[in-house]
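For reference, the structure is listed below as structure tokens.
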Amino acid sequence: ESEKSVLKNKGYFGQDDFSLALCGSNITSAQIELLINYLKVEEVIIALDKEFKDHNSMLADLYRNKIYKKIAPLLAYCKVSVLWDDQDLLEYKDSPCDKGKDALLQMLDNKKVITMKDLEVLNEEK
């Protein structure tokens, strides 16, 4: 999430807030180290802005592949899920927090768990 979305999440969930800003769309080795060794997270949920207009488009596939490559290092340490807007809840460039708590909860209910098999399929598609 972006810093703006983390603030929105705090407003939605108060002390039960679970969000953390990426400060850009990259996940660094230092961030992974903090998540796994310091915070000891069991699940990471990636909730990035919607960077495509049609979830069935080639642009959406390219964006999905970009996200999968970024999260690949986490898969060895914890469960990793992605909030993927295949229900068209978001507008182009919206973050999952931008449409309110109900839309965010709906996306969380439909999160996609990413596995090593998903990465293998991605590599086979090349």
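Please give the calculated 222 nm ellipticity per residue for the chain, where each DSSP H segment of at least 4 residues contributes -39500 (n - 2.57) and the sum is spread over every residue; nearest 500 deg cm²/dmol?
-11500 deg cm²/dmol
Place +1 on the Cβ of every Lys and Arg and -1 on the Cβ of every Asp and Glu in region 1-73, take the dipole about the Cα centre, and give the residue among 29, 9, 59 whose Cα lies farthest towards its positive end.
Among 29, 9, 59, the one farthest towards the positive end of the dipole of region 1-73 is 59.
Ignoring ligands and nucleic acids, what accessible area does residue 12 show with a 1.4 Å probe (Å², nearest 10)?
Counting only protein heavy atoms, residue 12 exposes about 60 Å² to solvent.
Amide H of residue 81: which non-local residues (sequence gap of 5 or more, or other chain) have their own amide H closer than 5 Å, using H built in the peptide plane?
Those lying under 5 Å, H to H, from residue 81 are 44, 45, 46, 114.
What is the Cα convex hull volume of region 13-106 when expressed per residue in Å³?
106
As an exercise, identify the trypsin sites (Lys or Arg not before Pro) in region 51-95 lying in DSSP coil whose Cβ has no more than 16 other Cβ atoms within 10 Å.
When the trypsin sites (Lys or Arg not before Pro) of region 51-95 are filtered for loop state and at most 16 Cβ neighbours within 10 Å, 53, 93 remain.
Please compute the per residue accessible area over region 8-100 with all protein chains in place, 1.4 Å probe, rounded to a whole number of Å².
59
Say the dipole of the chain comes from +1 at the beta carbon of Lys and Arg and -1 at that of Asp and Glu; which of 47, 20, 121 then lies farthest toward its positive end?
Of the listed residues, the answer is 20.
May I ask you to evaluate 6.51 cos²θ - 1.76 cosθ + 1.60, the Karplus curve with θ = phi - 60°, for each residue of region 64-81 and list the ³J(HN,Hα) values in order in whole Hz, giving x for glycine and proline?
Each residue of region 64-81 in turn: 4, 4, 4, 5, 4, 5, 5, 8, 3, x, 6, 4, 6, 10, 7, 6, 10, 10 Hz.
So how strong a dipole does the chain carry about its Cα centre when Lys and Arg Cβ are +1 and Asp and Glu Cβ are -1, to the nearest 20 debye?
About 260 debye.
Mind jotting down the three principal axis lengths of region 60-126 based on Cα atoms? Whole angstrom, largest first.
If we take the Cα atoms of region 60-126, the spans are 35, 24, 16 Å.
Pop out the carbon and sulfur fraction of the accessible area of region 18-126 as a percent, whole number, probe 1.4 Å.
Answer for region 18-126 is 52 percent, counting heavy atoms of protein chains only.
The values are calculated or read from the model by the stated rules, or taken from the named source; none is laboratory data. What you are looking at is a predicted structure, and each value in this text was computed from that prediction instead of being measured. Positions of Cβ are generated from backbone atoms using ideal geometry, with glycine treated the same way; all protein chains shown enter the neighbour counts. Areas reflect the complete protein model, heavy atoms only, side chains present, ligands, DNA and RNA absent. Shrake-Rupley method; radii C 1.70, N 1.55, O 1.52, S 1.80 Å.
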